[in-house]
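Each reported figure results from applying straightforward, stated rules to the coordinates on display, with no laboratory input. As the structure is a computational prediction, the values presented were derived from the model and not from experiment. Heads up, the Cβs are rebuilt from the backbone with ideal geometry, glycines too, and the neighbour counts pull from every protein chain shown.
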Ligand code: ASP
């Protein structure tokens with residue numbers, strides 16, 4: 001008993017000191033998709049600013065596969081010491097319904113740090129696809145959809161969610177081609193190996209602007225100031241069509257509160273960093289507000305999004321095991 005009390009006293013006295021010193025070595029952020037893609041870009045831009053603030057390098061590790069669930073599972077079971085974190089997007093909230101055998105409970109497996117950004121998505125196609133407007137694209141799909149291909153980043157990716165919503169909205173199934181991220185999807189789209197995709201502005205702003213791909217619509221309620229000619233899906237022929245990729249930063253459950261608070265403060269400071277703001281603005285995504293970059297806001301978003309998407313995914317009935 002006495003021995004146990006001594007150990008407890010020792011642990012209590014060490015914990016705050018440990019948090020004070022945190023971080024004393026490089027931090028790793030797991031990213032579920034390929035390097036050079038949209039989620040990777042959000043993670044790298046954020047990590048660069050946070051690293052300046054925390055005074056330690058932040059290493060990005062792309063842990064690919066199974067629609068993002070490999071990285072999520074690794075993050076969930078990693079040491080809760082603040083040295084392994086996860087950047088994930090909306091896909092973390094669809095995976096619990098799509099994947100019926102996840103090794104963790106998404107709602108309780110993490111200590112959320114805060115939201116990062118909310119990236120609009122764009123419906124795009126290879127540059128030589130004949131239709132020029134969303135309405136023409138829909139007609140073209142009705143006539144030629146059986147021969148077309150729709151690339152996405154795997155069951156559970158934002159691009160897959162958008163593809164599912166799009167095909168439901170146009171009432172036509174197109175053959176989907178799963179990749180391990182939107183970086184390789186974009187390469188194949190620019191090389192005209194596949195016909196179309198739905199991808200985040202963080203990845204598509206450049207290629208649409210330089211006409212390497214054809215942009216048909218943005219999936220948010222309002223047009224982007226920097227691409228005023230790109231209509232919203234709602235106004236161009238798909239009323240009510242709306243989806244965007246919110247991103248969050250997570251630590252594993254059990255991470256000491258003092259470390260979570262330090263990471264939240266660093267994230268909030270990063271989101272005020274003019275370098276980060278400029279880089280995000282250039283790729284048409286806005287950093288979230290300081291109130292959203294908090295554990296409470298991310299937890300609320302995660303839980304409500306899991307509940308929001310579940311019925312829609314169940315209605316679709318496409319699962320992974
Ligand atoms: N965020 C992308 C998606 O969900 C994947 C990626 O980042 O490459 O489709």
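Numerical summary
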| item | result |
| --- | --- |
| Overall form of the chain per C-alpha gyration tensor (a/c, 1.5; a/b vs b/c) | prolate |
| Simple spin-label estimate for residue 318 and residue 143 in nanometres, 7 Å along Cα-Cβ | 2.5 |
| Relative packing of 110-122, 41-53, 302-314, which averages over residues the other C-beta atoms within 10 Å, highest first | 110-122, 41-53, 302-314 |
| Paramagnetic label zone (point 7 Å from Cα along Cα-to-C-beta, residue 253; backbone N under 16 Å) in region 104-145 | 104-113 |
| Förster radius 41 Å - calculated FRET efficiency between residue 20 and residue 133, Cβ distance, rounded to 0.05 | 0.10 |
| Rg in Å to one decimal, and Dmax rounded to a whole Å, for region 84-223 via C-alpha atoms | 15.8, 49 |
| Approximate spin-label separation residue 175-residue 35, in nm, with each point projected 7 Å along Cα-to-Cβ | 3.2 |
| Point-to-point label distance, residue 304-residue 105, nm (Cα→Cβ direction, 7 Å offset) | 2.2 |
| Fraction of the pair-distance distribution of region 212-258 above 14 Å, Cα-Cα pairs, percent | 62 |
